[in-house]
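Working notes for the structure below.
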Amino acid sequence: FKVATVAVKPFAGQKPGTSGLRKRVPEFQQENYTENFIQAVLDGGLGAKKAGATLVVGGDGRYLLPQAINVIIKIAAANGVKKLIIGKDGILSTPAVSNLIRKRHTSGGIILTASHNPGGPKNDFGIKFNCENGGPAPDQTTDAIYAITTQIASYKLCPELNVDFGAIGKDSFEIEGVGQFEVEVIDSVADYLELMSEIFDFTQIKDFITGKATGQKFNLLVDSMHGVTGPYISTLLVDILGADASSLSRTVPKPDFGGGHPDPNLTYAKDLVDTLKQGQLDFGAAFDGDGDRNMILGKNGFFVTPSDSLAVIAANLEAIPYFRKNGVHGFARSMPTAAAVDRVAKAVGKRCFEVPTGWKYFGNLMDAGLLSLCGEESFGTGSDHIREKDGIWALLAWLQILAVKKQSVEQIIKEHWQKYGRNVFTRYDYENVDAGGANLMMKFLEPQLPGYIGKTVSANGVEFKVAAADNFEYRDPVDQSIAKNQGLRIIFEDGSRLIFRLSGTGSAGATVRLYVESVYEPSVGLDKLFAPSEDLLRPLVLVALDLSKLQQFTGRNEPTVIT
Ligand code: VG1
Ligand code: CO
């Protein structure tokens, strides 16, 4: 196969955000747009390791996936990449890619997904580079990739090289002036499920689900939202763990996610919530498009906030064989995530790190052996078994804990609050607002922060004294790199917090995120401890809207999504 060099001009805006480059499909379809970015990913992501590299490639099945993989094959071959390991039909969940990079010791991987964003010809596509530790590229690497996109003058490709990745097997090709290029197409789910079988006690979970252990079947419903987890979860739940086929919902990956918004939260997975509310089922879970997010529900639709989910898993790690074997090195959460896990860390005497939003910040801590379990309020939970958050792992962690404790989800959560206290949490998202207004709001608020320190603010007769207020900055304890501008924080004396951030995963306009956390000690009494979160959070929400003038700046009276 011949190698051609194509002269190009740079495209503006190819800057990876919180988790890769995400744009509308038509933007990726512009001539050379995807090609430019892939060339930049190979040069900026691999550097001197490009020639002879092996990469894992796969995505969540969304619209444009096959075309993007064809581009990657042609450009990788021309650039001297030695081998690509591709999921059959291009299908690999984000956690599965992370696992394969680690297991096969590759130089990294390319994940084709826009995660929880809708798919289809008019919706979102995304490209993310992961490094050899299996985790999302850190800021230095994505900065290098971006710098190349602003100056790129040409890319190389093999125009005639067309590789079928619809059947499992290996093929190799002679590239003129470069050498042998190999493509290995693998089963999308096998390696991942093998990893899960090593982490969890499948027999114990199966005996719990089928009722062998308890005399009562455990009825669950798991919604894959037409994302990538369908093939994984159907094999796992039904074939391996003995659940009924009726436990599965929307398991066929679709290029447009069946028209849905593959984000597992109370708004976009409402059908699942409504079904659970009917009271027949014991448990519900949902995952996002690429399989790294999870939502956990108990009987009657009892909602487990991701921050609580993380804390409960942290408090019950001895239920999971992986942690019994490897020990627990430490915990972490992203800054906006409620500090419930901090309380568990304190109780068990482990370190707890607070990092900026985005899974890439956990990787260094894990690689340094400082971190075993971490999570984000955005429905992300995971451990150091890979370097991505992992939706199916979180489901299995819960099932394992339930199998051991033999209590309902609600009982487990309420006992947890009684023991550790409750960090009530909500997030308001104002999606696709005018970027100018959103930026102005942040510019309006930031300079005022120092002035709030020591002041008392109030709403609905409740007073809050400000203990600290700043723009969050993170110094990585391992490599000392600094991430600035990670969100405006107002922290109150009791630990309650308000946080304002602009999203880094959107593809159009701006999304403002307001995070509200209200802290309750066990001593407040059960009336308060178990009260609905909206009631407990109302005063602080009012304070947040007042201080930020968010509604005036965005022109929105209501958020698009409340979680
Ligand atoms: C959002 C979430 C963040 C998450 C990121 C990627 O980022 O807030 O916690 O890590 O999405 O999630 P932002 O910048 O829009 O707030 V996804 O499932 O790529 O995988
Ligand atoms: Co995702």
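A Förster radius of 41 Å, combined with the Cβ-Cβ distance separating Val462 from Asp367, puts the computed FRET efficiency at roughly 0.40. The 3J(HN,Hα) values that the Karplus relation (6.51, -1.76, 1.60; θ = phi - 60°) gives for the stretch 266-280 are, in residue order, 5, 7, 8, 10, 5, 4, 5, 4, 4, 4, 4, 4, 5, x, 7 Hz. Gly and Pro appear as x.
The trypsin sites (Lys or Arg not before Pro) of the stretch 480-524 meeting both criteria, a DSSP state outside H, G, I, E and B (loop) and at most 14 other C-beta atoms within 10 angstrom of the site's C-beta, are Lys484. Cross-link partners for Lys299 among the aspartates and glutamates, with Cα-Cα distance under 18 Å and sequence neighbours closer than 8 places in the same chain left out: Asp223, Asp244, Asp271, Asp274, Asp282, Asp308, Glu410, Glu415. Across q = 0.16, 0.18 Å⁻¹, the stretch 415-563 modelled as identical point scatterers on its alpha-carbon atoms has Debye log10 I(q)/I(0) values of -0.93, -1.12, in the order of the q list.
Taking 0.36 nm per residue of separation and subtracting the current Cα-Cα distance, fully stretching the chain between Gln411 and Ile482 would add 21.5 nm.
Take the Cα pairs of the stretch 4-188, get the Kirkwood Rh, then feed it into Stokes-Einstein at 10 °C and 1.306 mPa s and tell me D in µm²/s.
Using the Kirkwood radius from Cα pairs, D works out to 99 µm²/s.
Among the listed pairs Lys50/Lys360; Lys15/Lys389; Lys217/Lys325, a Cα-Cα separation exceeding 27 Å is found for Lys217/Lys325. Calculated FRET efficiency, Gln67 to Gln216, Cβ-Cβ distance, R0 = 60 Å: about 0.75 to the nearest 0.05.
The simple spin-label model puts a point 7 Å past each Cα toward its Cβ; for Arg351 and Asp143 those points are separated by 2.3 nm. Between the amide H of Ile175 and those of Gln180, Phe181, distances stay under 5 Å, these residues lying 5 or more places away or on another chain, with hydrogens modeled in the peptide plane.
Within the stretch 471-554, the percentage of alpha carbon pairs spaced more than 17 angstrom apart rounds to 60%. Under 5 Å between amide hydrogens, built in the peptide plane, is the criterion, and for Phe353 it picks out Phe331, Ala332, Arg333 among residues at least 5 positions away or on other chains. The HN-Hα couplings worked out from phi for the stretch 34-42 by the Karplus form 6.51 cos²θ - 1.76 cosθ + 1.60 (θ = phi - 60°) are 5, 4, 3, 5, 5, 4, 5, 5, 5 Hz, whole numbers, x standing for Gly and Pro. What lysines could a cross-link reach from Lys346, if we take a straight Cα to Cα line under 20 Å and drop same-chain neighbours fewer than 8 places away? Answer for Lys346, where 20 Å is the Cα cut-off: Lys414, Lys419, listed by chain and number. Taking the charge dipole of the chain about its Cα centre, with +1 at Lys and Arg Cβ atoms and -1 at Asp and Glu Cβ atoms, the residue from Ser548, Val6, Gln216 reaching farthest to the positive side is Ser548. Report the gain in length on full extension from Lys277 to Glu194: 0.36 nm times residue separation, minus Cα-Cα distance, nm rounded to one decimal. Roughly 26.5 nm would be gained on extension. In this structure, Val524 and Lys15 have a Cβ-Cβ separation that, at R0 = 45 Å, corresponds to a calculated FRET efficiency of about 0.50.
A simple spin-label model places pseudo-atoms 7 Å from Cα toward Cβ; at Glu431 and Ala531 they are separated by 3.1 nm.
Across the stretch 414-425, coupling constants 3J(HN,Hα) worked out from phi with the 6.51/-1.76/1.60 Karplus curve, θ = phi - 60°, read 5, 5, 4, 4, 5, 7, 10, x, 10, 9, 6, 9 Hz, and Gly and Pro carry x.
What the Cα atoms of the chain give is an Rg and a Dmax of 23.4, 76 Å. Its Cα gyration tensor gives the stretch 191-420 an equivalent ellipsoid. The semi-axes, each the square root of 5 times an eigenvalue, are 25, 20, 17 Å from largest down.
Throughout, read-outs are computed from the coordinates displayed, never taken from laboratory work. What you see is a predicted model, and the numbers here were worked out from it, not measured in a lab. Positions of Cβ are generated from backbone atoms using ideal geometry, with glycine treated the same way; all protein chains shown enter the neighbour counts.
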